[in-house]
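For reference, the structure is listed below as structure tokens.
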Amino acid sequence: MRKLFALASAVALVGSVHAANWDMTAEQPDNNYLTQNAIQFADDVREATNGELDIKVKSNSVLLTRPEVKRGVQQGVVPIGEMLVAAIGNEDPLFEVDSVPLLATSFDESEKLWKATREVLAERLDKQGIVLVYGSPWPPQGIYTKNPLTSLDDLKGVKFRAYSAATSRLVELMGAIPTTVQTPEVPQAFSTGVIDAMLTSPATGVDSQSWDYVKYYYDAKVFIPQSFVIANKRMLEALPEDVQKAVMEAGKRAEERGWQMARDQTEQLTQTLADNGMEVQDLPEKVVNQLTEIGDTMTMEWVEKAGEDGQKVLDAYNN
């Protein structure tokens with residue numbers, strides 16, 4: 001990575017003059033709807049600019065892994081990239097508000113939360129030389145286990161996949177052992193015993209063919225994570241103004257499309273889990289009550305970390 005970042009300055013200089021071809025890093029495989037949305041975004045930009053800007057989407061983290069995307073875009077290693085918002089929650093707690101358990105569990109609630117947060121996040125990124133192009137939600141997060149779940153006591157000592165600081169904290173409060181595993185590594189992590197359970201969406205469950213490793217999927221709707229597409233500000237502003245405008249207008253359409261795709265895909269993806277032999281269930285009432293208590297705890301912790309700005313976001317969301 002160090003050599004890659006050292007090369008970035010030369011790439012950025014060339015890109016500032018000849019920015020007709022951009023590689024876009026995307027985390028998920030081609031058949032994932034988030035990647036499909038990114039591909040449509042790239043097609044829209046290409047069409048609107050008559051090919052003056054050609055964005056090529058590179059899926060499945062072949063360019064950069066999740067922890068590398070934000071810095072990679074900021075440094076110009078890639079001009080544009082898609083990533084999980086909460087992955088940079090360690091930098092600023094406002095980036096992990098969507099991961100506060102049970103704060104927003106439906107798409108309508110999550111969209112309200114995103115609208116209350118979006119401008120604040122865009123301002124923070126702008127100060128770091130990054131432009132927020134568009135955001136798209138994941139399906140609600142459910143719990144995957146090998147054995148039936150009747151109480152959170154059943155998870156004590158279980159190696160449980162986490163993928164952000166917020167999910168690590170959640171797993172700790174659930175009594176399990178948080179183990180950080182990135183999405184492309186999920187099948188191997190299960191097959192080698194690195195993890196025994198996970199909290200993730202039905203989209204990742206389908207992408208990783210989770211039915212090969214676990215039996216139960218609990219449609220917990222713990223929270224709805226957000227991904228966003230970010231661009232290097234200097235490289236974007238080096239483009240002609242009409243091309244810049246085309247990028248942002250295509251981003252606006254991608255954001256609207258992403259919310260609809262998530263709504264449309266969630267039920268279908270959950271059914272795919274069932275069709276492949278998984279037992280799809282709602283959470284037992286006892287587990288719901290236990291998670292609600294954890295949610296209250298994590299909400300208070302988040303507000304304490306996020307301070308005045310965090311309280312403003314919550315107030316805007318609640319109002």
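The values are calculated or read from the model by the stated rules, or taken from the named source; none is laboratory data. These numbers come from a predicted model, not from an experiment. For neighbour counting, all protein chains shown are included, and Cβ atoms are generated from backbone atoms with ideal geometry for every residue, glycine included.
Arg46 meets each of the listed conditions (1) in contact with a strand residue (DSSP E or B) (Cβ under 9 Å, 6 or more places away or on another chain); (2) surrounded by fewer than 17 Cβ atoms within 10 Å (Cβ to Cβ); (3) among the charged types (D, E, K, R) apart from (2). For segment 203-229, a residue qualifies if it is over 16 Å from Trp114 (Cα atoms), of a type in the set (Phe, Trp, Tyr) and touching a strand residue (DSSP E or B) at 6+ places or on another chain (Cβ under 6 Å), and the qualifying residues are Tyr216, Tyr217, Tyr218. Consider segment 67-119 and keep the residues that are closer than 22 Å to Thr183 by Cα and of a type in the set (Lys, Arg). The one that is surrounded by the most Cβ atoms within 10 Å (Cβ to Cβ) is Lys70. Within segment 110-145, the set of residues being within 27 Å of Leu199 (Cα to Cα) and part of a helix (DSSP H, G or I) comprises Ser110, Glu111, Lys112, Leu113, Trp114, Lys115, Ala116, Thr117, Arg118, Leu121. Among the residues making up segment 51-66, those that are in a loop (DSSP other than H, G, I, E, B), more than 15 Å from the chain's Cα centre (by Cα) and surrounded by fewer than 23 Cβ atoms within 10 Å (Cβ to Cβ) are Gly51, Glu52, Val62, Leu63.
List every residue pair whose Cβ atoms lie under 7 Å apart, where the two residues are 6 or more positions apart in sequence or sit on different chains, the first residue falls within segment 54-82 and is touching a residue at least 40 places away in the same chain (Cβ under 8 Å) and assigned by TED's automatic domain parsing to the domain that holds Asn32, and the second residue, located anywhere, is part of a loop (DSSP other than H, G, I, E, B) and surrounded by fewer than 22 Cβ atoms within 10 Å (Cβ to Cβ). Within 7 Å, the pairs are Asn60/Pro29; Thr65/Gln182; Arg66/Gln182; Glu68/Met1; Gln74/Gln128; Gln74/Gly129; Val78/Leu63.
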